[in-house]
Amino acid sequence: MSKTAFALGRRIQRTGYPEAVQHLKLQTQKLLGLSDGVTISVSELSCREAGCHDVETVVAILREGEKPTIARVHKPIPDVSLQELQAAFERALVPKPPGEP
C-alpha cells in the first residue's frame, strides 16, 4: 500500500474523512497506475484564490528525485468525485510553458 500524508487546516473534520482520504488515495493509485512505493499525499487546505470555495483538496504524487505532481479540486475531501480527480490530474499533467510555475 502507498504511504499517505494527511493534513487538515483548522477546519472541523466531518465524519468519514479517514475513509475519504483512503478512497482518494486508492483512486489516484488506480487512475495513474502508480506502484505501491509512490507516496500519495491528500490534504484539505483553506483556498485563498479569488472566486474559490472555502476549501480545496490537494492530492500530490511524490516520487523521489522528481518534482511533485499536484492536483487541486475546490471541494472538501469527502465530496471529490472520480471524474473531478481525473480532470484535476489531467490539468496537472499538461506541460507548462518555460518560466510558468
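Every read-out reported here was derived from the displayed coordinates using simple, explicitly stated rules and does not represent laboratory data. What you see is a predicted model; the values in this text were computed from it and never measured. Here Cβ is always computed from backbone atoms with ideal geometry, including for glycine, and neighbour counts include all displayed protein chains.
Using alpha carbon coordinates only, what is the Rg to Rh ratio of the stretch 30-101, with Rh defined as the Kirkwood radius? Don't skip to the end; give the middle numbers.
Working: Rg = 12.9 Å, Rh = 13.2 Å.
Here Rg/Rh amounts to 0.97.
Counting alpha carbon pairs within less than 8 Å and at least 6 residues apart, what relative contact order, in whole percent, applies to the stretch 4-92?
On the way: 132 pairs, mean separation 22.4, N = 89.
25 percent.
Going by how many other beta carbons lie within 10 Å of each one, how would you line up R91, R72, R63, fewest first?
Working: R91 10, R72 17, R63 13.
Lowest to highest Cβ neighbour count: R91, R63, R72.
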